[in-house]
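To keep things clear, I will list the structure first and then write my remarks on it.
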Amino acid sequence: MKFHRKNPTTISSWALAIAQTLDASGYDSKALLKQAGIDGKTLINPDKRIKLTKMTRLWELARIKSNDPSFGLSVARNVSPKTFAALGSAVMASNNLDDVFKRTQRFYKIISNALEIRIFKKEERVSIGFIPYEAGPTPSMEAMDSFLGAIILFSHEMRQTMKKPLKIEMVRPKPENINPYYDIFGSNIVFLAPFNRITLEKSDLNIPFPAADSKVAHRNDQIVIEYLERFDRTNIVKKVHGKLIDLLPLGEPSLGKLAKEIGMSRRSLNRYLQNENVTYREILSEIRQHLAEQYLSENIYSIIEIAFKLGYTDSSNFSRAFKRWAEVTPREYRHVHHLKNWVKNLN
């Protein structure tokens with residue numbers, strides 16, 4: 001369970017690239033930013049993050065206003081390494097595509113923490129996949145169009161001459177006008193794919209970039225690491241998670257008690273959670289739901305025992321909460337779970 005991904009965020013400069021593309025086409029980006037609930041002042045601060053839900057709304061508004069289903073590709077043509085902060089500079093100074101893929105996988109969170117990046121190697125092919133986490137919102141089609149397009153365009157710029165990818169897989173449906181996609185990605189595009197992925201020949205990975213500079217790349221790597229240390233509070237959230245599990249059997253702990261147990265002030269802990277776009281009550285509820293489902297599936301504890309282990313004063317409060325989560329009572333959940341296991345064992 002990784003609660004900081006329930007409300008993912010995106011680097012503010014990504015919204016700046018959208019705004020600049022709109023302005024260049026004669027549209028009022030300020031009005032659309034306001035409609036999306038985004039403060040225009042945050043766009044020039046690289047340390048600022050914007051909720052993914054607001055970014056998705058901005059992409060939607062921009063596509064509608066521009067009347068351009070491939071608006072994301074227009075943004076891709078206008079982004080620069082600066083759009084991705086120090087990661088962009090590190091990528092542009094990379095030795096080859098292998099370095100680019102590895103840096104993207106390692107540091108993608110600087111752009112957004114809504115996706116997991118995986119590198120797949122099979123025989124003579126290598127691909128980089130962008131896979132959404134199970135919980136929480138995922139980037140819009142326009143956002144993925146733009147990011148995939150930017151990767152390909154950056155790769156062309158760094159290599160100066162480069163073949164089109166062997167295959168591009170995209171979650172989005174096939175657009176009516178396919179030509180802008182062919183222009184950037186080539187003709188071998190698979191739409192309605194399980195996840196977004198770029199596939200290349202393995203031999204392409206180690207061809208040197210003319211402008212490679214390891215010292216510059218590593219210096220920018222360090223800047224990215226320092227940024228992520230400021231941004232990523234995962235360790236704090238994990239501490240909250242672990243300590244709550246320890247404390248719940250003693251009754252529901254207050255935020256102040258929880259903060260004291262992990263060696264922080266109440267105010268500091270609350271500030272950390274706000275930075276993660278999550279509240280104490282949301283974390284508490286998710287932990288209780290996760291543990292409740294686990295305990296009910298194991299069939300070791302009675303309903304009243306589970307209620308006490310989760311910090312409830314009685315089983316009725318627990319049952320009401322569980323029904324809000326699962327839309328069934330704890331007894332119904334346990335019955336259905338074990339019925340499924342019984343049927344599975346028969347097969």
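Ranking 240, 301, 259 by Cα position along the charge dipole of segment 234-346, where only Lys, Arg, Asp and Glu carry charges on their C-beta atoms, puts 259 farthest toward the positive end. Shape summary: segment 205-300 maps onto an equivalent ellipsoid whose semi-axes, from the alpha-carbon gyration tensor, are 39, 19, 10 Å in decreasing order. Summing charges over neighbours of residue 163, with a neighbour being any other residue whose Cβ is under 10 Å away from its Cβ, gives 0 when K and R count +1 and D and E count -1. Each other residue within a Cβ distance under 14 Å of residue 298 adds +1 if Lys or Arg and -1 if Asp or Glu, for a net charge of 0.
Just so you know, the averaged projected area of the alpha carbon convex hull for the chain sits at 21.6 nm².
Taking a Cβ cut-off of under 10 Å around residue 181, the surrounding Lys, Arg, Asp and Glu residues balance to a net charge of 0, with basic ones at +1 and acidic ones at -1.
Here the dipole of the chain is about 640 debye; that uses its Cα centre as origin and unit charges on the Cβ of Lys and Arg (positive) and Asp and Glu (negative).
Between the amide H of residue 125 and those of 202, distances stay under 5 Å, these residues lying 5 or more places away or on another chain, with hydrogens modeled in the peptide plane. Using equal-weight Cα scatterers in the Debye expression, the normalised intensity of segment 15-54 in log10 at q = 0.21, 0.22, 0.26 Å⁻¹ is -0.62, -0.68, -0.91. With a simple spin-label model that places each label point 7 Å from the Cα along the Cα-to-Cβ direction, the separation between residue 213 and residue 257 comes to 5.7 nm. Within segment 116-261, all pairs of alpha-carbon atoms sorted by distance into 10 Å bins from zero give the percentages 9, 27, 27, 18, 11, 7, 0. Taking other Cβ atoms within 10 Å as a rough exposure proxy, 328, 224 sort from fewest to most as 328, 224.
Pairs from the list 202/238; 41/257; 54/215; 65/109; 48/215 with a Cα-Cα gap above 31 Å: 202/238; 41/257; 54/215. Note on segment 234-346: Cα Rg divided by 2.2 N^0.38 Å, N the number of residues, gives 1.19.
None of the figures in this text is laboratory data; all of them are computed from the coordinates on show. Remember, predicted model here, so these are calculated numbers, not experimental data. Cβ atoms come from the backbone with ideal geometry, glycine included; neighbour counts cover every protein chain shown.
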